[in-house]
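Visitor: The structure under discussion is supplied below as structure tokens; questions concerning it will follow.
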Amino acid sequence: MKGFAMLKIGATGWIEKPRPAAGPFDAVVAPLALAPCTSDIHTVYSGALGDRHNLILGHEAVGKVVEVGSEVRHIKPGDRVVVPAITPDWRTLDIQHGVPHQHSEYLLSGWKFSNDKDGVFAEFFHVNDADMNLARLPDDITLEQAAMMPDMMTTGFHGAELANVQFGATVAVIGIGPVGLMAVAAAVLRGAGRVFAVGSRPHCAEIAKGYGATDIINYKNGDIVKQIIDKNGGKGTDHVIVAGGPENVLAQAVDIVKAGGTIGNINYFGEGAMLEIPRLAWGCGMAHKTINAGLCPGGRGRMERMIALVANGRVDPSKLVTHKFNGLEGVEKGLALMKDKPADVIKPLALI
Ligand code: NDP
Ligand code: ZN
């Protein structure tokens, strides 16, 4: 089968590989819609996860099941499914003692696609633990909506969960690419009052307003810490969600959040050995400014909740899709857009 792969750090290309087979609990899926991601760019061009050779890329897919293992009960061949980017090994003891997508000895263990096995940018891909990881897609949800669930929705929504957004709270969302835009929508759904959304591209700003952002902060117009605190009456915000920005963005979040406030980081820091925390703004360690940071949750239950949000009209993630391509080849064009980020691109989609 054909797949679009990371050949080595900094290089991508089409390769041929044998079609995967399903183990007893697994499934093989053929893609219906595939979305390239900023994380693919960190993986290939920053080598953020280390070097990989001929590893098929991609972790955001909606597909049709073509094969299931002998022990699979819930999922059947022919089912249309949302495939979460994160597919934990639900049968391992270690994850039952902590967070499902983090094995204590192997960080980010739930992130398998395009990390420790081939990803979804191929004619077929393998899904571990199909009954626990795949969610059946209702007919009335479009592929554009569904394709934003495996990563963009669950990650953005996790940002609001990690920041523990409260009713009526002030929230700063740093970064309003597709992940940050979903974080804006999630903060609003959790009852946020004022939402400062930080980005520079007008199209993203318009979509952010549509999802409920009250103030747009352009980081190109000066220090975002000062801009937000000035607009907020000289006070820090209750919460900050970090969904983009440079290496010092976590430090900026500590500066922006008030004492007792919470930061939710979903940014993928692709470079550098250390991240800095400003000592004084962190109250020399005593300001009760909490930093929660995490990988997006995956699994079937999480995807069914994302489906419920869309099916009940709480959020329409298809507003993120700005570019559509026909055919598997579209992932190459889409990935190039994610690398160059022209002003009008939020999220490209390949429809197969
Ligand atoms: P984008 O690159 O599309 O968006 C980044 C955003 O950050 C844009 O709004 C951009 O503004 C803004 N930005 C850029 N520079 C600055 C700056 N100096 N100060 C403040 N804001 C700035 O990324 P995505 O939305 O696709 O992804 C966001 C992050 O989430 C990535 O790091 C990605 O890898 C990560 N991620 C993490 C996951 C997880 O599980 N934790 C899962 C998926 C993604 P503009 O472009 O308007 O100038
Ligand atoms: Zn992604």
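The values are calculated or read from the model by the stated rules, or taken from the named source; none is laboratory data. What you see is a predicted model, and the numbers here were worked out from it, not measured in a lab. Please note: Cβ atoms are built from the backbone with ideal geometry, for glycine as well, and neighbour counts cover all protein chains shown. To get the accessible areas, we keep the full protein, side chains included, count just its heavy atoms, and leave off ligands, DNA and RNA. Shrake-Rupley method; radii C 1.70, N 1.55, O 1.52, S 1.80 Å.
Visitor: How much net charge surrounds LEU181 when only the other residues with a Cβ under 12 Å from the Cβ of LEU181 are counted, with Lys and Arg +1 and Asp and Glu -1?
Guide: That sum, taken over residues with Cβ under 12 Å, equals +2.
Visitor: Using the per-residue mean of other Cβ atoms lying within 10 Å as a proxy for protection, in what order, highest first, do the peptides 170-182, 317-329 fall?
Guide: In descending order of packing, they fall as 170-182, 317-329.
Visitor: How large is the helix-only mean residue ellipticity at 222 nm for the chain, computed as the sum of -39500 (n - 2.57) over DSSP H runs with n ≥ 4, divided by its residue count, in deg cm²/dmol to the nearest 500?
Guide: About -7000 deg cm²/dmol.
Visitor: Continuing with the same structure: Express in whole angstrom the spacing between the alpha-carbon centres of segment 2-29 and segment 260-334.
Guide: Answer, in whole Å: 25.
Visitor: What's the FRET efficiency of GLU276 with TYR45 using the Cβ-Cβ distance as r and R₀ = 22 Å, to the nearest 0.05? Mind dumping the intermediate values first?
Guide: Numbers: r = 23 Å, r/R0 = 1.07.
The computed FRET efficiency comes out at 0.40.
Visitor: Okay, moving on. At 1.4 Å probe size, with the rest of the protein present, what percent of the exposed accessible area of segment 37-160 is carbon and sulfur atoms?
Guide: 54
Visitor: Once you have the Cα-Cα distance between ALA336 and HIS203, take 0.36 nm times their residue separation minus that, and quote the gain in nm to one decimal.
Guide: Between ALA336 and HIS203, full extension yields an extra 46.0 nm.
Visitor: Using only alpha carbon pairs under 8 Å that are at least six residues apart, calculate the relative contact order of segment 173-262 and give it in whole percent. If you can, show how the numbers build up before the last one.
Guide: On the way: 145 pairs, mean separation 27.3, N = 90.
Rounded, it is 30 percent for segment 173-262.
Visitor: On to the next question. Between ASP139 and ASN326, how high is the FRET efficiency from 1/(1 + (r/R0)^6) when r is the Cβ-Cβ distance and R₀ = 22 Å? Nearest 0.05.
Guide: The calculated FRET efficiency here is 0.55.
Visitor: When you count, for each residue, the other Cβ atoms within 10 Å and take the mean per peptide, how do 56-62, 120-126, 291-297 rank with the highest first?
Guide: My ranking of the peptides, most packed first, is 56-62, 120-126, 291-297.
Visitor: Once the Cβ-Cβ distance between ARG19 and LEU189 is put in as r, and R0 is 35 Å, what FRET efficiency do you end up with, to the nearest 0.05?
Guide: My answer for the efficiency is 0.30.
Visitor: I would also like to ask the following. Using a basic spin-label model with each label point 7 Å from the Cα along Cα→Cβ, how many nm lie between GLU247 and GLU304?
Guide: 4.4
Visitor: Once you place label points 7 Å from the Cα toward the Cβ at ILE9 and ASP94, how far apart are they in nm?
Guide: 2.5
Visitor: Given the options ASP129, ASP26, ASP223, state which has the largest fluctuation in a GNM of the chain using a 10 Å cut-off (strictly under) for Cα springs.
Guide: ASP223
Visitor: Mind ranking 280-286, 252-258, 203-209, 236-242 by how tightly packed they are, going by the mean number of other C-beta atoms within 10 angstrom, highest first? Intermediate values should be presented prior to the final figure.
Guide: On the way: 280-286: 11.7, 252-258: 24.4, 203-209: 19.3, 236-242: 28.7.
Going from most to least packed, we get 236-242, 252-258, 203-209, 280-286.
Visitor: Can you list the aspartates and glutamates whose alpha carbon sits under 20 Å from that of LYS341, skipping same-chain ones fewer than 8 residues off?
Guide: Those aspartates and glutamates meeting the cut-off are ASP40, GLU60, GLU144, ASP151, GLU206, GLU247, GLU271, GLU329, GLU332.
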